[in-house]
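The values are calculated or read from the model by the stated rules, or taken from the named source; none is laboratory data. Just so we're clear, the structure is a prediction, and the values are computed from it rather than from any experiment. We place every Cβ from the backbone using ideal geometry, glycine too, and count neighbours over all the protein chains shown. The protein model used for the area step is the full one, side chains on, heavy atoms only, and it has no ligands, DNA or RNA in it. Shrake-Rupley method; radii C 1.70, N 1.55, O 1.52, S 1.80 Å.
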Amino acid sequence: MVSRVIPVDRFDLVIFGATGDLARRKILPGLFRRFVAGQMTPDSRIIGSARSPLGAEGWRSMIREAIHEFGPAESGDRIDAFLGCLDYVTVDATGDGGWADLKALLREGAVRAFYFSVAPSLFGPLAERLRQHGIAGADSRIVVEKPFGRDLESARALNRTLSEHFGEGQIYRIDHYLGKETVQNLMAVRFGNLLFEPLWNNHYIDHIQITVAETVGVGGRGEYYDKSGAMRDMVQNHLMQLLCLIAMEPPSRFEADAVRDEKLKVIRALRPVPAHHIVRGQYDASDSSPSYREEVGNPRSFTESFIALRVEIANWRWAGVPFYLRTGKKLRARHSEIAVVFKDLGHTIFEGDERRHRNILSIRLQPNEGIDLTVTIKEPGQGGMRLVDVPLDMTFAQALGKEAASVPDAYERLIMDVIRGNQTLFMRGDEVEAAWAWTDPLIAGWEARHDVPKLYDQGSSGPDDALMLLHREGRRWRDIRA
Ligand code: NAP
């Protein structure tokens, strides 16, 4: 199987926050991979920008190191050619110096995009100055990183500010989960096969689980994280987006607004979640590692590093089907999965087979991206009709062989979509606001109750109460495993 690489049009991409962690770890190594793949042509330009007076040479050597550290192991001989596409300009997002230099570097006729890889407080000032100095035109695009607001009010304010300077069709709000190969494959599996869609409803599906488990703690992000927590940092955006893709009605076309209209309907159909369907947790200290509170330096913190929720969608398709969401830090393994658990067979014809056999469609986002479907077959060999459940594995690494290694990672795919002008995998302003409108009352609820997160052991699956969320309904979470 040979993947086709279609070069994108010549572009000038300006990255604000060019010296930051995201730029060095993800954006530039990703662009380098697209360059090596031939998707980014050598006449395209990447212009880094930040306050540090690095100069073009200084930034190039920073990016050379970043590619050595975070880029592909091979293709080292292409680094010089790639670095030749890079330039740098010193700009303070809140000041007036440097904008003329930036403008002078941009070319007519090239796709023009601006990546805001800076703190959210700078999104507004950047948008304003790009317009004020005549740098961004009606065809320019801006890419906005997360977090997009911390509640409905701030998200609305940010949408308003951006919309004073850019049309909705120019704004690309990134959720890198949407750029993952498997997430797009989920749509291909749902809408490209006859097999699944007829079963994709409350007649055949018992429940759906979405897990995003991390082994890392809050690390250096403690100050930010303690004001945010798992609900704001992960559920409102990443898990919500996964839920939307699983639950949405088939869009009439695979096209930006058709897809986003359907996602929005899902968010608007989410029921409020009662307190007993929410479990929040905080990781405790282990022998070798500090507790959450110690790590963030806030001994009285009530912020959750883990959350599990039982969510319902009030529409015809999903009435009565629980969606269990959970995400947390310092858990047993780095493991992200969506599991669609089908109902039990109504009747078995196999005498003596008392076990419950269930089809489960499992979509793994990390590690080992792939999809498998658990099916029941006869155990091979003699000894009568014994049944066994086995996964039909659709792991990309096996099916695609060497090709799997060249599958673009989420950031590089999404940046190429920006250049192509394809917004399908980006969040629209009304989607983000609807997600906050659902999230805000849940947070306000536990704040009003002075709800204290339950402690959980590092390396576990989270607090016991989260297990009970399913146990009391006769269900169990899927294992968190590497
Ligand atoms: P970071 O490491 O703190 O980098 C911030 C960048 O902004 C630096 O290049 C800094 O350079 C520049 N900067 C700061 N103040 C500026 C100003 N007034 N004018 C112009 N440039 C300024 O942050 P990051 O981790 O890369 O994150 C960037 C954005 O991506 C944030 O919104 C973050 O929430 C989001 N994000 C990051 C990650 C990640 O993995 N890192 C993941 C998801 C989302 P100078 O100091 O030289 O100006």
How about the stretch 301-352: which of its residues are open to solvent by 10 Å² or more (accessible area, probe 1.4 Å), polar (S, T, N, Q) and touching a residue at least 12 places away in the same chain (Cβ under 8 Å)?
-> 303, 315
If we scan the stretch 232-241, do we find a residue that is away from the ligand (no atom under 16 Å from the Cβ) and open to solvent by 10 Å² or more (accessible area, probe 1.4 Å)?
-> no
Looking only at the stretch 102-119, and only at residues there that are within 24 Å of the chain's Cα centre (by Cα) and over 16 Å from residue 418 (Cβ atoms), the one that is least open to solvent (accessible area, probe 1.4 Å) = 118
Please tell me if residue 259 is outside any helix (DSSP H, G or I), among the aliphatic types (A, V, I, L, M) and buried (at least 20 other Cβ atoms within 10 Å of the Cβ).
-> no
Okay, strands (runs of 3 or more DSSP E) sitting entirely in the stretch 275-384 with 2 or more residues that are under 30 Å from residue 450 (Cα atoms), I get 278-283, 306-311, 323-328
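Considering each of 45, 112 in turn, give the residue that is within 19 Å of residue 129 (Cβ to Cβ), of a type in the set (D, E, K, R) and more than 16 Å from the ligand (Cβ to nearest atom). Spell out the reasoning first.
Details: 45 fails: within 19 Å of residue 129 (Cβ to Cβ).
Being within 19 Å of residue 129 (Cβ to Cβ), of a type in the set (D, E, K, R) and more than 16 Å from the ligand (Cβ to nearest atom) holds for just one of 45, 112, which is 112.
Every residue, every condition in (1) open to solvent by 40 Å² or more (accessible area, probe 1.4 Å); (2) closer than 30 Å to residue 7 by Cα; (3) modelled with pLDDT under 95, yes or no:
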site: 382; (1), (2), (3): yes, no, yes
site: 389; (1), (2), (3): yes, no, yes
site: 394; (1), (2), (3): yes, yes, yes
site: 404; (1), (2), (3): no, yes, yes
site: 417; (1), (2), (3): no, yes, no
site: 420; (1), (2), (3): yes, yes, no
site: 441; (1), (2), (3): yes, no, no
site: 446; (1), (2), (3): no, no, no
site: 462; (1), (2), (3): no, no, no
Among what's in the stretch 353-368 and is modelled with pLDDT of 85 or more and among the charged types (D, E, K, R), pick the residue that is surrounded by the most Cβ atoms within 10 Å (Cβ to Cβ).
-> 364
Filtering the stretch 274-300 for residues that are without any contact (Cβ under 8 Å) to a residue 40 or more places away in the chain and of a type in the set (Asp, Glu) leaves a count of 2
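Give the residues of the stretch 435-482 that are assigned to a helix (DSSP H, G or I) and acidic (Asp, Glu), sorted by residue number.
Matches in the stretch 435-482: 440, 447, 464, 465.
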Could you grab me the full set of residues in the stretch 120-148 that are more than 12 Å from the ligand (Cβ to nearest atom) and within 20 Å of the chain's Cα centre (by Cα)?
-> 142
Please verify whether the stretch 70-81 includes one or more residues that are in contact (Cβ under 8 Å) with a residue 40 or more places away in the chain and within 15 Å of the ligand (Cβ to nearest atom).
-> yes
Search result, residues across the stretch 285-300 that are of a type in the set (Ser, Thr, Tyr) and surrounded by 22 or more Cβ atoms within 10 Å (Cβ to Cβ) = 292
Members of the stretch 88-101 that are in contact (Cβ under 8 Å) with a residue 12 or more places away in the chain and either open to solvent by 30 Å² or more (accessible area, probe 1.4 Å) or in a helix (DSSP H, G or I) (or both) | 90, 92, 94, 96, 99, 100, 101
